[in-house]
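Nothing in this text is a laboratory measurement; each read-out follows from the coordinates by a stated rule. Bear in mind the structure is a predicted one, so any value in this text is a computation, not a measurement. Note that we place each Cβ from the backbone using ideal geometry, even for glycine, and neighbour counts take in every protein chain shown.
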Amino acid sequence: MEQVSGEVGAFQVAVRKKARYVNENLCTGCGACAEKCPTMVVDVFNAGLGNRKAIYKYFPQGIPSVFTIDAAACRQLGQGKKCGVCAKVCQAKAVDYDQKDTLIQLEVGAVVIATGYEVFDPSVIPEYGYDRIPNVVTALEFERLLSASGPTAGHLDRPSELALVKEMEEAEKEHKKLQRQVSQLEEKHGKPSSEIVAAFQSGTLPDDADLRNWALLAQDLASLEARLDSMNRRKATASVARKLAFIQCVGSRDFRFNPFCSSYCCMHSVKEAMIAHEHDNGVHSSIFCMDLRAVGRGFEEYKLRGGKQANIRYIRGRVAEITQDEALNPVVWYESTQNRQVVHETFDLVILATACVPSPGAAELARQFQVELDRNGFFKTDPLAPLNTSRPGVFVCGCAQGPMDIPESVAQASSAAARAAEIVAPARQAVG
Ligand SMILES: Cc1cc2nc3c(=O)[nH]c(=O)nc-3n(C[C@H](O)[C@H](O)[C@H](O)COP(=O)(O)OP(=O)(O)OC[C@H]3O[C@@H](n4cnc5c(N)ncnc54)[C@H](O)[C@@H]3O)c2cc1C
Ligand code: SF4
Ligand code: SF4
């Protein structure tokens, strides 16, 4: 949203529709463009755990089901290079590199703010090692790992192993290149590389730039082969994650960050542990919590079912620190409140249930609408009329108002729509 003026019953709102460089009336969503696009980009929807092409659909079930070009990553639009492959392969002729942003002027009687939330960045908690320990992930990243349409097709491959596979692919490419160069030199001089390396190392190699370069290349090849060997050994012992630890209240109920409870994370951890167990019955989960807030009809029963049927252990205690052992397994240190002892336990993967924090654009949106935010940065509402912001005709629903789960967000959205209709419908009748 760019601009707003007017008042309840007669707002004028300017909304920017960003160029997608694909005509949505022509695109059939077939995906031929993405198949041929040569540019790989880190996939934000998959929490950075996979890649996508520069022409892409933000997520598989997006509506409308049409493609968009990521202009900054695209060779033709953002990199000043020649490409045009997507336009060539698109049979519907939907790709339009000249498309521009458009400003849409709306005349509306009421407005509903539904801009949701952002997940808390756990790297500001150094003791949990999120940015140091590869096998510590956020709950959102874990959702993508669990998803059949995610980067691992639902298999619980650990990020350390995903990184290893990527490293091996790059090392194998480099290996092929070095091997080719070294074989060409062996053919040219009619000698094996071992002779040249031995002479180079003993200081008896003639003073010749070509021979020196050959010796260095052959040494690089040998050390790359040793690295590939060690990576292959690591890969052979790698297994999927089966022993999971969920850490609750990461950035929530913590006066250093957010004093409030994020309300949905206890239940999404139980859900994620249940789904992981459905995928692989060998999965065991431990949920570390101060208390598990199963607030809602049937939630307590769901939690207990997780304990009985899905190998979930509920451990009361706030985790103090996460370290890492030599096999890149995370080690969780906590106080067992039953035994009154500080203990540690090793897991395959740790999942951080991060707090729900205000969306990054909330403050700017509040300034544009001239509505108030609460002390935590969410849109402030009237305690007796919980969808009303401080400005008549501007309503708020879902996590823009504060942490809540999907059913509550949907119920609020319906209520907000009804409140907006109360304003708009009488005006329509008067016009009609
Ligand atoms: C890991 C995880 C798992 C969860 N699992 C569950 C679950 O199983 N069940 C459940 O009930 N709840 C679950 N939740 C909670 C659920 O995500 C929220 O309840 C729900 O997303 C809230 O919906 P919303 O529409 O209010 O906000 P959002 O889903 O955040 O949607 C807001 C939308 O507004 C867009 N937006 C933001 N700012 C602007 C702007 N300025 N202009 C235009 N658009 C904007 C955003 O891009 C976003 O698409 C989970 C949460 C997490 C973190
Ligand atoms: S023009 Fe851009 S989006 Fe299209 S194929 Fe080339 S890099 Fe990909
Ligand atoms: S819902 Fe559970 S995990 Fe989330 S902040 Fe509240 S108590 Fe902590």
Check your understanding: Between Arg340 and Val42, what is the FRET efficiency for a Förster distance of 60 Å, r being their Cβ-Cβ separation, to the nearest 0.05?
Key -> 0.85
Review point. Using 0.36 nm per residue, how much length does the chain from Ser223 to Ala10 gain when fully extended, once their Cα-Cα distance is taken away?
Key: 69.5 nm
Study note, to complete from the structure: Of segment 132-159, those with amide N under 18 Å from the point 7 Å along the Cα→Cβ vector of Glu167 are 132-137, 157-159
Check your understanding: Per 10 Å bin from zero, what fraction in whole % of the C-alpha pairs of the chain is there, up to the bin with the longest pair?
Key -> 4, 15, 20, 22, 19, 11, 5, 3, 1, 0, 0
Revision key, fill the gap. Around Thr102 (Cβ within 10 Å, Cβ-to-Cβ, excluding Thr102; K/R +1, D/E -1) the net charge comes to +3
Study note, to complete from the structure: Full extension between Asn51 and Ala421 adds, at 0.36 nm per residue less the Cα distance, a length in nm of 129.0 nm
Practice item. Grab the other residues whose beta carbon is less than 13 angstrom from that of Ala385, score K and R as +1, D and E as -1, and report the net. Key: +1
**Study point:** Against the rule of thumb 2.2 N^0.38 Å, how large the Cα Rg of segment 160-237 comes out
**Key:** 1.29
Point to revise | Highest-MSF residue in the chain out of Tyr21, Tyr128, Tyr117 [GNM, Cα springs under 10 Å] | key: Tyr21
Review point. Expressed in whole Å with the largest first, what are the equivalent ellipsoid semi-axes of segment 19-100 derived from the C-alpha gyration tensor as the square root of 5 times each eigenvalue?
Key: 18, 16, 11
Check your understanding: Can you run phi through the Karplus equation (6.51, -1.76, 1.60; θ = phi - 60°) for segment 51-59 and list ³J(HN,Hα) in whole Hz, with x for Gly and Pro?
Key -> 10, 9, 8, 5, 9, 7, 9, 4, 8
Point to revise | Distance from segment 251-306 to segment 340-359 (C-alpha centre basis), Å | key: 11 Å
**Study point:** Hull-based mean projected area of segment 148-287, where the convex hull spans the alpha carbons, in square nanometres
**Key:** 14.3 nm²
Practice item. Report the full-extension gain for the segment Gln179 to Gln79: residue separation times 0.36 nm, less the Cα-Cα distance, to one decimal in nm. Key: 32.7 nm
Check your understanding: Using the beta-carbon distance between Glu35 and Thr204 and R0 = 51 Å, what value does 1/(1 + (r/R0)^6) give for FRET efficiency, to the nearest 0.05?
Key -> 0.40
Exercise for review: Using a cut-off of 13 Å between beta-carbons, work out the net charge of the residues near Glu127 (Lys and Arg +1, Asp and Glu -1, Glu127 not included).
Suggested key: 0
